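The values are calculated or read from the model by the stated rules, or taken from the named source; none is laboratory data. As the structure is a prediction and not an experimental result, all values here were calculated from the model. Heads up, the Cβs are rebuilt from the backbone with ideal geometry, glycines too, and the neighbour counts pull from every protein chain shown. Just so you know, the surface numbers come from the protein's heavy atoms only, side chains and all, with ligands and any DNA or RNA stripped out. Shrake-Rupley method; radii C 1.70, N 1.55, O 1.52, S 1.80 Å.
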Amino acid sequence: MCSLKNIFTTALFAALLLSGACTGNRYLKKEKKGPLLVKTKIELKSDKKLSFADKDALLTELTPLIRQQPNRTRFFGLIRPGVWYYYTYRDKKTKYAEVVKRKWAEPPQFYNKDLAVRTAKNLENTVRQRGYFNARCTWDTKISKAHKRASGDSVLQHAQVTYTVHLGRPYTIDSVRFASRDSAALAILDFTRGDSRLHTGDMLDGRNFDAEKLRITNEMKNRGYAYFTPTFVEFTGDSSAYRTKVKVEVLPPGADTSRHKVYTIGNVTVLMGLAPDLTALKSDTTIGGIYFASAYPTFDVQARHLFRVIAIRPGWPYRQIDFDKTARALSELGVFRFVNVRPIQNPVNPNHLDVEISLAPNNRFSYSMTLEANSSNSSSALAGRLFGVAGSVNLQNRNLFSGAENLQTNLSYNVEFDITRRRFIFSQQFKIQNELIFPRFFDYIHLWRGLNRVRIGNKNIISDAFYRDLRNSARSRVSLNYSYLELFDFYLYNLVNASMGTDLRRSNRHQFAFDYVGIDVLRPRTYSRFDSIFGQNKFLKNSFGDQLFTGFLLRSVNYSFSRPVNRFGEILTFRSGFEVSGFEEYMANALWSIPFKKETWRIDGLDFSKFIRVDIDGIYSRVFNKGGTAGAIRIGTGVAVPYGDTKATPYVKQFFVGGPSSIRAWRIREL
């Protein structure tokens with residue numbers, strides 16, 4: 001049923017529309033600058049039929065190149081609010097007017113022939129860079145006829161521009177040959193040719209050639225060629241029958257020499273809070289050939305911990321990847337507000353590059369507070385219209401034990417008021433969350449080393465590369481949390497959670513989280529109203545008792561994959577999780593029952609909850625235009641199965657729908 005507010009808003013909007021108050025047309029007629037651009041489009045013509053993917057990719061790339069776009073419209077194109085804002089506020093100087101002009105106002109887009117010509121040229125040049133060397137672009141403009149209404153008012157003329165791109169036949173790669181007068185550089189090109197971005201049969205796409213320049217540059221810089229740049233890579237080709245023989249050549253560094261210079265790392269210096277020749281040195285030490293100096297009496301972060309994350313060593317060949325890894329690792333410690341890793345020419349040995357690492361410490365302590373209000377409607381028997389208030393305080397110590405250990409404590413409280421029923425407070429929740437992160441790897445009971453050594457067939461359970469990433473990049477984590485939730489007249493529960501685990505980010509795309517030890521204590525209590533409504537539901541009763549969730553070997557595993565946005569505006573995210581509880585108790589009880597009889601073990605009235613939970617979640621999203629129009633699809637599935645003497649999966653571990661991260665029409669756990 002529509003509310004009076006919605007009816008009034010719709011009626012007001014319709015009245016404004018019919019009166020022309022927000023269309024902007026009455027301003028446009030006074031300008032007399034020619035027809036108003038109302039539509040642009042691109043058509044592709046090809047000798048061969050393009051696949052949907054290829055056509056969509058080209059249109060996605062070409063559309064932003066149109067130099068003049070129509071003004072944004074609303075209500076089936078009848079109004080142009082941006083134009084109305086432009087004329088209404090363009091001569092006003094108030095603060096609000098400045099905000100309107102910056103955020104919403106749009107100058108009218110009268111058709112401009114020069115911009116159409118430039119657009120056609122841009123489209124033509126772009127498709128030629130994609131391998132369509134014979135492409136051409138034409139444009140056609142349709143302008144509505146000038147006429148007057150019966151009232152004598154002139155009708156605003158409209159212009160529509162169509163750009164037709166004639167692609168022609170594309171040029172492709174026939175073969176790829178590498179060359180260089182520098183024999184060492186040529187050996188690197190031949191050794192890494194399997195990673196080349198240029199392949200036989202591919203179109204002569206300029207982006208692939210740019211990627212190949214970058215690839216060769218990275219290969220050279222990671223082999224000691226510190227000052228190698230993409231300008232040293234040159235492409236030439238010989239074309240016949242639309243097929244091109246490509247030659248990739250590394251040019252010499254100068255006219256007097258054909259060999260590029262290889263560098264070795266000389267001295268490595270770490271300066272903490274020090275500006276050379278400006279601040280006094282108060283403490284220093286040397287570890288593994290790396291010199292550490294500080295402007296403070298003691299090192300904010302102990303030098304031995306810094307040494308562990310620095311991937312550069314004196315005497316090693318210059319490798320750009322080591323510089324990047326060092327800068328990233330030091331920044332991820334979170335204790336420095338500024339990190340700079342730079343090579344410096346050694347004043348004595350011209351073949352050596354010294355390394356200076358400058359670190360500016362961040363504030364050790366920080367805090368933040370939030371306060372928010374929300375409202376929601378529910379059609380369930382539990383609640384009506386709710387108004388909520390929530391607040392939180394977050395405390396952080398970035399360097400707890402002088403080893404870049406990060407301690408975060410979050411206190412949060414929220415309360416919901418039922419403003420349509422008799423009871424005043426509907427629910428309240430209080431949380432304390434504590435997490436301590438160590439920027440180093442602890443191999444719990446040597447679990448990972450053992451899995452790395454065990455082989456199944458010709459492969460290790462855990463590969464050498466994965467184990468190496470764990471040792472070099474993983475972080476250890478300890479957490480202790482408490483949650484109290486009460487739905488007045490229905491139920492309340494206390495939940496205490498303690499866990500210890502490891503987080504590993506192998507790349508920007510792949511992340512892992514392992515919990516070795518996990519102990520959860522759930523103590524719920526139901527009220528009479530809950531029992532009267534759900535008391536006959538045995539499944540719910542079995543899942544809502546005092547329970548203990550345990551894991552002492554591998555409690556849970558979570559994996560997430562995130563593909564960054566591509567040229568089509570697409571983002572793909574995938575997440576999977578596995579959780580098991582009570583397995584160790586189940587096995588111990590099974591062994592106990594062999595010489596003795598089977599028993600039900602409890603701790604302080606808590607039942608050992610035994611269940612396995614697996615869930616998979618995928619999200620595909622796409623941004624369609626610069627205005628931010630986007631769409632998303634989310635698909636998830638999961639299963640939670642009790643085993644042993646547990647009859648039902650605990651309530652807090654069951655799947656649900658509803659809430660801000662799910663279907664928002666329902667409250668959290670309402671479905």
Self-check item: Test result for S556, of a type in the set (S, T, Y) and either closer than 30 Å to A57 by Cα or crowded, with 17+ Cβ neighbours inside 10 Å (or both)
Solution: yes
Quiz prompt | Looking only at the stretch 571-593, and only at residues there that are closer than 30 Å to R634 by Cα and of a type in the set (D, E, K, R), the one that is surrounded by the fewest Cβ atoms within 10 Å (Cβ to Cβ) | solution = R575
Quiz prompt | Members of the stretch 547-561 found to be part of a strand (DSSP E or B) and of a type in the set (A, V, I, L, M, F, W, C), listed by number | solution = L548, F549, V557, F561
Self-check item: Of all residues in the stretch 559-570 being within 16 Å of D56 (Cβ to Cβ) and touching an Asp or Glu at 6+ places or on another chain (Cβ under 9 Å), the one that is surrounded by the fewest Cβ atoms within 10 Å (Cβ to Cβ)
Solution: R567
Exercise. Working only within the stretch 175-202, note down all residues that are within 27 Å of S240 (Cα to Cα) and within 31 Å of the chain's Cα centre (by Cα).
Key: G194, D195, S196, R197, L198, H199, D202
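To keep it simple, each residue is scored yes or no on (1) buried (at least 19 other Cβ atoms within 10 Å of the Cβ); (2) farther than 30 Å from L353 by Cα.
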residue: A184; (1), (2): no, no
residue: L204; (1), (2): yes, yes
residue: N208; (1), (2): no, yes
residue: A211; (1), (2): no, no
residue: T236; (1), (2): no, yes
residue: A241; (1), (2): no, yes
residue: K245; (1), (2): no, yes
residue: V248; (1), (2): yes, no
residue: R259; (1), (2): no, no
Quiz prompt | Selection within the stretch 497-518 - in a strand (DSSP E or B) and open to solvent by 60 Å² or more (accessible area, probe 1.4 Å) | solution = M500, R505, H510, Q511
Exercise. Among the candidates A311, A293, A327, single out the residue that is of a type outside the set (F, W, Y) and assigned to a loop (DSSP other than H, G, I, E, B).
Key: A311
Practice problem: Could you grab me the full set of residues in the stretch 213-234 that are among the hydroxyl-bearing types (S, T, Y) and open to solvent by less than 50 Å² (accessible area, probe 1.4 Å)? | Solution: T217, Y225
Practice problem: Please tell me if Y291 is aromatic (F, W, Y) and open to solvent by 80 Å² or more (accessible area, probe 1.4 Å). | Solution: no
Quiz item: Looking at the stretch 350-371, which of the residues that are open to solvent by less than 50 Å² (accessible area, probe 1.4 Å) and either assigned to a loop (DSSP other than H, G, I, E, B) or not charged (D, E, K, R) (or both) is farthest from G288 (Cα to Cα)?
Solution: S366
Practice problem: Test N374 against the stated conditions and say whether it is in a strand (DSSP E or B) and either modelled with pLDDT under 85 or open to solvent by 50 Å² or more (accessible area, probe 1.4 Å) (or both). | Solution: yes
Quiz item: So which residues in the stretch 191-200 are touching a strand residue (DSSP E or B) at 6+ places or on another chain (Cβ under 6 Å) and surrounded by fewer than 15 Cβ atoms within 10 Å (Cβ to Cβ), if there are any at all?
Solution: T200
Quiz item: For F596, are the conditions met, namely being part of a loop (DSSP other than H, G, I, E, B), among the hydrophobic types (A, V, I, L, M, F, W, C) and surrounded by fewer than 14 Cβ atoms within 10 Å (Cβ to Cβ)?
Solution: yes
Quiz item: Does R319 qualify as being in contact with a helix residue (DSSP H, G or I) (Cβ under 9 Å, 6 or more places away or on another chain), open to solvent by 50 Å² or more (accessible area, probe 1.4 Å) and under 25 Å from S473 (Cβ atoms)?
Solution: yes
Exercise. State whether one or more residues within the stretch 116-129 are more than 33 Å from the chain's Cα centre (by Cα) and part of a loop (DSSP other than H, G, I, E, B).
Key: no
Quiz item: Can you name the residue in the stretch 215-245 that is touching a residue at least 60 places away in the same chain (Cβ under 8 Å) and not in a strand (DSSP E or B) and is also farthest from H260 (Cα to Cα) among such residues?
Solution: Y242
Practice problem: Tell me which residues, restricted to the stretch 84-132, are of a type in the set (A, V, I, L, M) and either open to solvent by 80 Å² or more (accessible area, probe 1.4 Å) or without any contact (Cβ under 8 Å) to a residue 60 or more places away in the chain (or both). | Solution: A97, V99, V100, A105, L115, A116, V117, A120
Exercise. Tell me, please, whether a residue that is in contact with a Gly (Cβ under 6 Å, 6 or more places away or on another chain) and either part of a strand (DSSP E or B) or more than 30 Å from F417 (Cβ to Cβ) (or both) can be found in the stretch 278-287.
Key: no
Exercise. Select from the stretch 413-441 the residues that are in a loop (DSSP other than H, G, I, E, B) and either loosely packed, with under 15 Cβ neighbours inside 10 Å or touching a Leu at 6+ places or on another chain (Cβ under 7 Å) (or both) and list them in ascending order.
Key: I419, T420, R421, R422, R423, F424, P439, F441
Exercise. Among the residues of the stretch 268-278, write down those that are surrounded by 13 or more Cβ atoms within 10 Å (Cβ to Cβ) and more than 15 Å from F307 (Cβ to Cβ).
Key: G273, L274
Quiz item: In the stretch 599-628, what residues are in a strand (DSSP E or B) and loosely packed, with under 13 Cβ neighbours inside 10 Å?
Solution: R602, I603
